[in-house]
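The values are calculated or read from the model by the stated rules, or taken from the named source; none is laboratory data. Since we're looking at a predicted model, the values are computed, not measured. When we count neighbours, we look across all protein chains shown, and the Cβ atoms used for this are built from the backbone with ideal geometry, even at glycine. Note: areas computed on protein heavy atoms with side chains; ligands, DNA, RNA excluded. Shrake-Rupley method; radii C 1.70, N 1.55, O 1.52, S 1.80 Å.
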Amino acid sequence: LPQFIDYSLVEMSFAEPLIYRDDPNERHGPFVGTRGQHEVRLPSRFRIGVYPVTNEQFLYFVTDGGYLRDDFWQGTSRRTFLTQDKKTMGPSTWRSSKGYPSKRQHHPVSGVSYLEAKAFVAWLNHKYADDEWLWCLPSEDIWEISARSPKGFHYPWGTEFLRDHCNSIESAINGTSEVTRFPEGNGF
C-alpha cells in the first residue's frame, strides 16, 4: 500500500452472484431507496477500503498537483472545481487548496464531485501502480455487498437499525465525523 494511506483494505472473493431482498419498510432517511429483489453482480475478487477517503488522504492528491494534470481528468475541465476562496482548485468544503477544515483530517473528504473522485483514482493508479490491482471507484453492487455483507444484512452490523452504530440523522451529529468513530457499525 502507498505510505500515505493509513487505510485498511479488505479483499473479497465470490464465485456466484448473490440475490438480495431489500426491506420494503426501510424508512431511515430521505435518500433511502430500494432495488427490491435483485442480483448482485461482482468481480470474482476485489478489494475495498474499510473507511472512506479522508481529507488528509485527499490533500496528498491536491498538493501533488492532481488538479493540474490533464491526464487525470479525461478531457474534463477542472477549473470550475474551486475551494471556498474561489481561486484555488480543490474540494468545495475546503477554504483553499492549502488544506482541509481544521481538525477534520480524519473525516471523509466531502465537497468533491464524481469527476474529482475519478481524477483521484487516476492519480492513485499513476502514483501507486500495481501489476495485480487497479484502483477504481466501487460499482453499486460492490458498494452494496461491502455494506451488507454476503449474508445480506440491511446494515453492515445486522438486520436492525442502531443509531449508535452510524452517523445518521438519528445520531444528531449534523455533519461528518471521523471515519473510525463508529467501529461497531463496521461490517468488516
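Take the residues in the stretch 147-188 that are charged (D, E, K, R) and open to solvent by 70 Å² or more (accessible area, probe 1.4 Å), then tell me which one is nearest to ASN55 (Cα to Cα). The residue in question is GLU178.
Here GLU144 meets each of (1) surrounded by 14 or more Cβ atoms within 10 Å (Cβ to Cβ); (2) part of a loop (DSSP other than H, G, I, E, B); (3) modelled with pLDDT under 90 with one exception, condition (2).
Scanning the stretch 66-91 for residues that are outside any loop (DSSP other than H, G, I, E, B) and among the hydrophobic types (A, V, I, L, M, F, W, C) turns up PHE72, LEU82, MET89. Pairing each residue of the stretch 112-129 that is farther than 16 Å from ASP64 by Cβ with any residue that is surrounded by 14 or more Cβ atoms within 10 Å (Cβ to Cβ), provided the two are 6+ apart or on different chains, yields C-beta distances under 7 Å for SER113/PHE81; LEU115/THR76. Candidates in the stretch 1-42 are the residues that are within 20 Å of ALA129 (Cα to Cα) and open to solvent by less than 50 Å² (accessible area, probe 1.4 Å); of these, the one that is modelled with the highest pLDDT is VAL10. Suppose we keep only residues that are small (Gly, Ala, Ser) and at pLDDT 90 or above within the stretch 43-80. Which one would you say is surrounded by the most Cβ atoms within 10 Å (Cβ to Cβ)? Restricting to residues being small (Gly, Ala, Ser) and at pLDDT 90 or above, the top hit is GLY66. Check off (1) at negative phi; (2) open to solvent by 60 Å² or more (accessible area, probe 1.4 Å); (3) not hydrophobic (A, V, I, L, M, F, W, C) for THR88 and give me the number that stays unchecked. Of the numbered conditions (1) at negative phi; (2) open to solvent by 60 Å² or more (accessible area, probe 1.4 Å); (3) not hydrophobic (A, V, I, L, M, F, W, C), the odd one out for THR88 is (2).
The number of residues in the stretch 101-122 that are more than 10 Å from PRO91 (Cβ to Cβ) and either open to solvent by 30 Å² or more (accessible area, probe 1.4 Å) or within 12 Å of the chain's Cα centre (by Cα) (or both) comes to 13.
Taking each residue of the stretch 69-95 that is more than 19 Å from GLN57 (Cα to Cα) and looking for partners that are part of a loop (DSSP other than H, G, I, E, B) with beta-carbon atoms closer than 6 Å, six or more apart or interchain, yields ARG78/TYR67; GLN84/ARG95.
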